[in-house]
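Scroll down for the structure; my scribbles are underneath it.
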Amino acid sequence: MDKGRLEAFSDGVIAIIITIMVLELKVPNGPHQTDIASLLKLYPIFLSYVLSFIYIGIYWNNHHHTMQAVESVNGTILWANLHLLFWLSLVPFVTGWMGENDFARWPVTCYGIVLLMNAIAYGLLMLALIRHHGKDSLLAKAVGRDWKGNISIAIYTIAIALSWLNSTISFALYIVVACIWFIPDKRIERKIISH
């Protein structure tokens, strides 16, 4: 099957996810809420939004690069992609919950669980794509052992466990993973250029 519809659908869903997140940002409204202090009270909500926006951007960027390295998709890949989109679609919910509750334990824990499930879902999509295209495919060679993916899953797991002791440390670990992935993964680009 042609990959074009999968790419277009994924791009559309990701655009909607970002739109939902930004619509959840509420401006200070009411009497005496026109000063900078009113805005500063919203920093947890804004910080949560920024981190989640970066995460959604990372997934979109890597999804785009991955699709450049594949020729076609099959039913398994379509379902694996939908599985990823499901977990991505939960990001606005946990983002809002975490920001509205000043990084409390349960919201930070659930945010980490959603990030972990996104990472697992992306890994399953990669496995389905590699299985479809073969171990000697351009994608398989580019991904290799996927140390970034494995380290991310380990950090998420540690952050979820630590959220019961200190949710601020957990949030910091989520930022660490975003930093690991913030610079676009060049493995696929290099393989496409050299191919």
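Quick notes on this structure:
- Residue within segment 90-101 that is closer than 17 Å to residue 8 by Cβ, open to solvent by 20 Å² or more (accessible area, probe 1.4 Å) and assigned to a helix (DSSP H, G or I) present: no
- Some residue of segment 72-80 being part of a helix (DSSP H, G or I) and more than 26 Å from residue 128 (Cα to Cα): no
Conditions (1) among the aliphatic types (A, V, I, L, M); (2) farther than 13 Å from residue 174 by Cα; (3) out of contact with any Gly (no Cβ under 8 Å at 6 or more places or on another chain), marked per residue:
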{"residue": "48", "(1), (2), (3)": "no, no, no"}
{"residue": "57", "(1), (2), (3)": "no, yes, yes"}
{"residue": "104", "(1), (2), (3)": "yes, yes, yes"}
{"residue": "110", "(1), (2), (3)": "no, no, yes"}
{"residue": "116", "(1), (2), (3)": "yes, no, yes"}
{"residue": "129", "(1), (2), (3)": "yes, yes, yes"}
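- Checked across segment 31-53, the condition of being of a type outside the set (D, E, K, R), at positive phi and at pLDDT below 95 holds for at least one residue.
- Verdict on residue 45 being open to solvent by 10 Å² or more (accessible area, probe 1.4 Å) and either touching a Cys at 6+ places or on another chain (Cβ under 9 Å) or within 29 Å of residue 165 (Cα to Cα) (or both): yes
- Flag for residue 32 being farther than 21 Å from residue 170 by Cα and either in contact with a Cys (Cβ under 9 Å, 6 or more places away or on another chain) or open to solvent by 50 Å² or more (accessible area, probe 1.4 Å) (or both): yes
- Segment 134-153, subset open to solvent by 50 Å² or more (accessible area, probe 1.4 Å) and assigned to a helix (DSSP H, G or I), residue nearest to residue 91 (Cα to Cα): 153
- Selection from segment 1-29 of residues that are modelled with pLDDT under 95, in a helix (DSSP H, G or I) and open to solvent by 80 Å² or more (accessible area, probe 1.4 Å): 5, 23
- Checking each residue in segment 108-146 for being closer than 22 Å to residue 51 by Cα and without any contact (Cβ under 8 Å) to a residue 24 or more places away in the chain picks out only 110.
The values are calculated or read from the model by the stated rules, or taken from the named source; none is laboratory data. As the structure is a computational prediction, the values presented were derived from the model and not from experiment. In this analysis, Cβ positions are derived from the backbone assuming ideal geometry, glycine residues included, and neighbour counts consider all displayed protein chains. Please note that ligands, DNA and RNA were not included when accessible areas were found on the heavy atoms of the full protein model with its side chains. Shrake-Rupley method; radii C 1.70, N 1.55, O 1.52, S 1.80 Å.
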